[in-house]
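The values are calculated or read from the model by the stated rules, or taken from the named source; none is laboratory data. This is a predicted model, so every value here is computed, not measured. Cβ placement follows ideal geometry from the backbone for every residue including glycine, while neighbour counts extend to all protein chains displayed. Note: areas computed on protein heavy atoms with side chains; ligands, DNA, RNA excluded. Shrake-Rupley method; radii C 1.70, N 1.55, O 1.52, S 1.80 Å.
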Amino acid sequence: MKRMPAFHFAAALVLFGAVSADAADTINTQELAVRVDKLADGLEHPWAVEVLPDGAYLVTERPGRIRIIRDGKVSDPIGGVPKVSARGQGGLMDVALAPDFATSRKLYFTAAIANGRGSGTEAFSATLSTDEKTLDAVTPIFTMRRFTSGNIQYGSRIAIAPDGTLFISVGDRGNSNRSQNWQDDAGSIIHINADGSIPADNPFKDGGKALPEIWSKGHRNPQGITFDAKDGKLYTVEHGARGGDEINQPEAGKNYGWPIITYGRDYSGAEIGEGTAKEGLEQPLLYWDPSIAPGALVVYRGAMFPEWDGNFIVAALKFQLLSRMQRDETGAFVAEERLFKGEYGRVRDVVVAPDGALLMVTDEDNGALLRISRAQASNG
């Protein structure tokens, strides 16, 4: 089988540091200079950001809080958020606005939730009150069927398809064999309707070979999931073990191999599984070795940076950067540029704002919301 592209840190293009550190930083990239503004800090392990219709920002914090940032001011926590299991990698995770949020005020979020059987990933729908002080009609729409002990590898991001259905990434919860159990939600991409029901196009909607909500299997810990707005294709990025972080294009009913095949090794250095390829198991579009510990993923389609059109931009925790992956006309990955290495901390989320700017949050005790825009040319 064809060996997939790998990107190695030693060969990567790491960008220059900040030119100025006043109200904003100006940083040179390969093709242009960007401006980085700190919109807010003092956030406790922020996990996700969304832009509200009026331009304010909705941010989740892993301990279980949602706040609104408007005009540089951080709100008190919004009420109504269910109790989350904020242990280890668990807690409040992603948030996504419904396509009709401007009129419905509906949103979705994911969290690690605990009960007497342990903990697991759960997704909810809710509506934001008009005074922005509470979540109403909080309703579970997906719950992992098997809760277990341990507090790692929950996933979990949400991507909303053009038809309004939801794709939710779920990690293997630290037990790799669960990723190959088709009667287990762990290590899967889940596909549900907005009310939690099963879409008609799900590959196992009748619940035979697999749980009806499962779209694809063989994932380790996918923390990025997105649609390319141009062609409607779904992509994920997921943590490998020691090396083997992957970008995949999940398709209905397919198996992406973990832990039978992987380009990574166990943290002890031991080999995992049966190698890097096996008949019937899908290859990643790309893998990293060593690992960059990826967070969120976007395919850039925005007006502000036309030079980056179609690039994949991946948040990275381990090396504290954004990875900008360039593709050729066939869609193959051909180059990587690493932005902001070590400048701002562990980057957990990255999204494209309506004006084409990039927004990112840093997963730190004193986390921040940052905006990346095009730097204005100097008149001097």
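Worth pointing out:
- Candidates 179, 156 - the one that is of a type in the set (Ser, Thr, Tyr), within 16 Å of the chain's Cα centre (by Cα) and either surrounded by fewer than 19 Cβ atoms within 10 Å (Cβ to Cβ) or within 20 Å of residue 246 (Cα to Cα) (or both): 156
- Picking from residues in the range 82-104 that are without any contact (Cβ under 8 Å) to a residue 60 or more places away in the chain and open to solvent by 30 Å² or more (accessible area, probe 1.4 Å), the one that is farthest from residue 52 (Cα to Cα) is 86.
- Test: residue in the range 135-144 that is open to solvent by less than 50 Å² (accessible area, probe 1.4 Å), closer than 30 Å to residue 88 by Cβ and assigned to a loop (DSSP other than H, G, I, E, B): yes
- When residues in the range 57-77 are screened for being open to solvent by 10 Å² or more (accessible area, probe 1.4 Å) and either part of a loop (DSSP other than H, G, I, E, B) or polar (S, T, N, Q) (or both), 8 of them pass.
- Subset of the range 20-56 (residues that are part of a strand (DSSP E or B), within 24 Å of residue 305 (Cα to Cα) and open to solvent by 40 Å² or more (accessible area, probe 1.4 Å)): 21, 26, 28, 35, 38, 39, 50
- Residue 349 being touching a Gly at 6+ places or on another chain (Cβ under 7 Å) and of a type outside the set (A, V, I, L, M, F, W, C): yes
- Wholly enclosed strands (runs of 3 or more DSSP E) of the range 329-376 bearing at least 2 residues charged (D, E, K, R) and on the phi < 0 side of the Ramachandran plot: 333-339, 347-352, 367-374
- Filter result for residue 241 (farther than 29 Å from residue 126 by Cβ and either surrounded by fewer than 18 Cβ atoms within 10 Å (Cβ to Cβ) or not polar (S, T, N, Q) (or both)): yes
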